[in-house]
Amino acid sequence: MKDFKNWLSVYIFKIYPNWVDFLFLERSGLGLSKSLMFLGTASNVGKSTISAGICRVLKQDGYKVAPFKSQNMALNSYITKDGLEMGRAQVTQAEACGIEPDVRMNPILLKPAGKNRCQVIVKGKVLNTISSSIYHEYKNELAKMLRHIYADLSNEYEIIVLEGAGSCAEINLKDRDIANMGMAEIADAPVVLVADIDRGGVFASIAGTMLLLEENERARVKGVIINKFRGSVDLLKSGIDMIEDIIKVPILGVVPYSDLNIEDEDSVTDRFRKQFKESDINIEVLRTPYMSNFTDIHMLEIQDDVSVKYVEKGQKLSNPDMVIIPGSKNTIEDLIYLRENGYEKQLKELEAKGTLIFGICGGYQILGKKLYDPEEIEGSIKEINGIGLLDIETTFNKEKVTTQVEARINENLGGYLKNLANMNIKGYEIHMGTTTGITKGLNTIVRKLDHEVNYLEGCVNDHGNIIGTYIHGIFDDADFARALINSLRENKGLDKVENTISSFDDFKNNEYDKLANILRESLDIEKIYEIING
């Protein structure tokens with residue numbers, strides 16, 4: 001714990017080299033912006049989506065608005081233009097606001113690393129990997145930093161939309177809370193509770209949450225949103241009247257369940273439970289225990305001629321046209337999972353049939369012949385054989401690569417990449433491994449446009465059906481995604497299909513507008529403005 005305190009002190013000193021300013025800040029106001037915070041009665045109630053939708057409504061109404069989540073626990077992350085790492089949920093919300101993602105919108109990111117440990121990322125940079133109990137001990141120090149960052153951000157925007165984490169009534173964690181009511185107090189923000197009716201017991205969850213809050217916390221709650229409703233709202237009217245009488249707080253509306261294509265926060269997402277329906281092109285994604293950045297697959301999921309299935313433990317790979325091994329927070333543990341559950345053997349059988357197997361980041365490393373961890377970055381295993389479908393090896397190191405990428409697909413590549421030569425792609429890298437080719441003349445898939453690197457960013461086997469890359473978001477380019485899907489179609493003897501999605505950004509903006517319309521129709525937006533304006 002002493003080491004972590006030293007690291008934290010050094011980090012805060014870097015942020016506030018002038019401690020006089022820091023102490024003054026603690027006694028001063030928090031900026032000129034107004035605020036609204038969405039807290040949940042539980043995890044996965046839809047706080048992130050509701051926050052994104054309200055961000056969009058405020059943007060449409062002409063306000064300069066930004067999102068904020070003090071502490072995010074997620075394996076889905078993003079790299080900003082200045083090479084800093086933040087949670088994907090606040091990236092989505094920033095897009096809904098029409099602004100560039102900024103690491104100040106998510107100052108603390110916790111990435112679960114197994115065995116009750118998590119990687120602590122503060123203001124975009126890795127601080128350390130520690131146990132949750134040690135992290136809990138230093139939340140009070142982090143609260144001081146959050147006050148500074150929030151004040152800095154709020155001075156640049158008219159309204160800040162804050163989001164909590166999980167349930168806001170975790171009474172065992174309340175004394176050092178910096179994610180829910182603790183952050184609402186720092187920001188002096190009014191609160192709206194979000195409750196999920198789809199899981200059942202919505203009125204009990206609302207009443208129970210209010211019961212467990214302290215009197216001053218209950219005073220912050222200005223309204224409640226019932227989310228994910230299927231059916232007629234008229235059937236809820238008597239229940240709404242009774243719960244309003246019990247908690248003395250108005251229900252601001254009932255939001256219907258929707259299938260909008262907006263990125264989910266993490267592994268609690270409903271997307272893994274969606275029923276799989278075969279299409280022209282069938283893609284299967286191996287859902288490993290430490291899977292990260294499954295948002296990489298989003299662009300493929302929205303294609304009309306593509307079906308995507310997440311293969312859970314106990315399920316077998318069928319006969320897909322493409323298998324994706326996604327990113328991983330613990331590559332070695334996910335490799336062992338694939339091996340022990342029979343997926344390594346299945347992948348090799350599919351490779352022999354010519355099936356396209358695509359590994360991203362950790363999935364790319366897994367496809368290699370060797371993984372070395374001499375400094376025990378991921379755990380106690382210092383060396384392990386990979387699946388061996390790519391002639392590469394990876395060594396883990398302490399320095400984390402976090403950078404945006406612009407690259408171009410190389411020429412003269414065969415197999416599924418033969419029609420993609422010279423296509424431009426954009427994305428980002430988040431990895432703690434250096435990958436090199438074992439043999440010379442390895443078929444690299446991309447060349448970066450901005451600078452050279454000392455590791456292999458991606459490669460393909462001679463047959464062109466095993467591809468690996470460090471580039472997250474590689475499928476986000478609509479032309480690249482369609483060209484690859486058409487290669488899969490060609491391999492099946494199907495005609496090519498013209499691209500119906502001009503750009504992923506345009507598609508997402510359309511979804512944000514749809515979400516805003518749903519909220520305008522189902523919520524008392526006038527009352528929400530009253531809450532914001534105090």
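The values are calculated or read from the model by the stated rules, or taken from the named source; none is laboratory data. In this text, all values refer to a predicted model and were calculated from it rather than measured experimentally. In this analysis, Cβ positions are derived from the backbone assuming ideal geometry, glycine residues included, and neighbour counts consider all displayed protein chains. Each accessible area value is taken on the protein alone, full model and side chains, heavy atoms only, with ligands, DNA and RNA left out. Shrake-Rupley method; radii C 1.70, N 1.55, O 1.52, S 1.80 Å.
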Within the range 47-63, can one find any residue that is closer than 17 Å to residue 225 by Cβ, open to solvent by 40 Å² or more (accessible area, probe 1.4 Å), in a loop (DSSP other than H, G, I, E, B) and at pLDDT 90 or above? no
Residues in the range 411-420 that are at negative phi and either crowded, with 18+ Cβ neighbours inside 10 Å or within 28 Å of the chain's Cα centre (by Cα) (or both) total 4
Neighbours by Cβ (under 9 Å, 6+ apart or cross-chain): first from the range 297-324, more than 19 Å from residue 348 (Cβ to Cβ); second among the charged types (D, E, K, R) and open to solvent by less than 10 Å² (accessible area, probe 1.4 Å): 308/284; 309/284; 310/284
Residue count, the range 360-383, condition closer than 21 Å to residue 442 by Cβ and open to solvent by less than 30 Å² (accessible area, probe 1.4 Å), comes to 10
Among the residues of the range 381-391, are any within 24 Å of residue 487 (Cβ to Cβ) and of a type in the set (Asp, Glu)? yes
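Can you go through 331, 402 and tell me which one is within 24 Å of residue 74 (Cβ to Cβ), modelled with pLDDT of 90 or more and open to solvent by less than 10 Å² (accessible area, probe 1.4 Å)? First the steps, then the outcome.
On the way: 402 fails: open to solvent by less than 10 Å² (accessible area, probe 1.4 Å).
Being within 24 Å of residue 74 (Cβ to Cβ), modelled with pLDDT of 90 or more and open to solvent by less than 10 Å² (accessible area, probe 1.4 Å) holds for just one of 331, 402, which is 331.
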Condition first: over 24 Å from residue 285 (Cβ atoms), among the hydroxyl-bearing types (Ser, Thr, Tyr) and at pLDDT 95 or above. Now tell me which residues in the range 359-394 satisfy that. 372
Apart from one, (1) assigned to a helix (DSSP H, G or I); (2) closer than 29 Å to residue 492 by Cα all hold for residue 313; the odd one out is (1)
Across the range 454-488, what is the number of residues that are surrounded by 20 or more Cβ atoms within 10 Å (Cβ to Cβ), farther than 23 Å from residue 280 by Cβ and of a type outside the set (S, T, N, Q)? 10
Being out of contact with any His (no Cβ under 7 Å at 6 or more places or on another chain), more than 26 Å from residue 520 (Cβ to Cβ) and not aromatic (Phe, Trp, Tyr) is the requirement here; does residue 213 meet it? yes
Inside the range 85-126, the number of residues satisfying the requirement of being in contact with a strand residue (DSSP E or B) (Cβ under 8 Å, 6 or more places away or on another chain), over 20 Å from residue 178 (Cα atoms) and open to solvent by 30 Å² or more (accessible area, probe 1.4 Å) is 1
Cβ pairs under 6 Å, 6+ apart, first in the range 510-534 and closer than 14 Å to residue 250 by Cα, second open to solvent by 80 Å² or more (accessible area, probe 1.4 Å): 531/222
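Could you tell me which residue of the range 147-166 is nearest to residue 182 (Cα to Cα), considering only residues that are outside any helix (DSSP H, G or I) and charged (D, E, K, R)?
In this case the residue turns out to be 163.
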Qualifying positions in the range 238-263 - surrounded by fewer than 18 Cβ atoms within 10 Å (Cβ to Cβ), aliphatic (A, V, I, L, M) and closer than 25 Å to residue 509 by Cβ: 260
Members of the range 195-237 that are among the polar types (S, T, N, Q) and open to solvent by less than 70 Å² (accessible area, probe 1.4 Å): 205, 209, 227, 232
Could you say whether any residue in the range 513-527 is open to solvent by 50 Å² or more (accessible area, probe 1.4 Å), modelled with pLDDT under 95 and under 21 Å from the mean Cα position of the chain (by Cα)? no
Note on the range 167-183: residues buried (at least 16 other Cβ atoms within 10 Å of the Cβ), outside any loop (DSSP other than H, G, I, E, B) and not aliphatic (A, V, I, L, M) are 167, 174, 182
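Of all residues in the range 340-359 being in contact (Cβ under 8 Å) with a residue 24 or more places away in the chain and of a type in the set (D, E, K, R), which is least open to solvent (accessible area, probe 1.4 Å)?
So the residue we want is 344.
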Does any residue of the range 325-340 turn out to be small (Gly, Ala, Ser) and in a loop (DSSP other than H, G, I, E, B)? no
Residue count, the range 278-299, condition at pLDDT 95 or above and closer than 16 Å to residue 489 by Cα, comes to 5
Considering only the range 438-458, I want to know if a residue exists there that is at pLDDT 90 or above and among the basic types (Lys, Arg). no
Have a look at 151, 143 and point out the one that is small (Gly, Ala, Ser) and open to solvent by less than 10 Å² (accessible area, probe 1.4 Å). 151
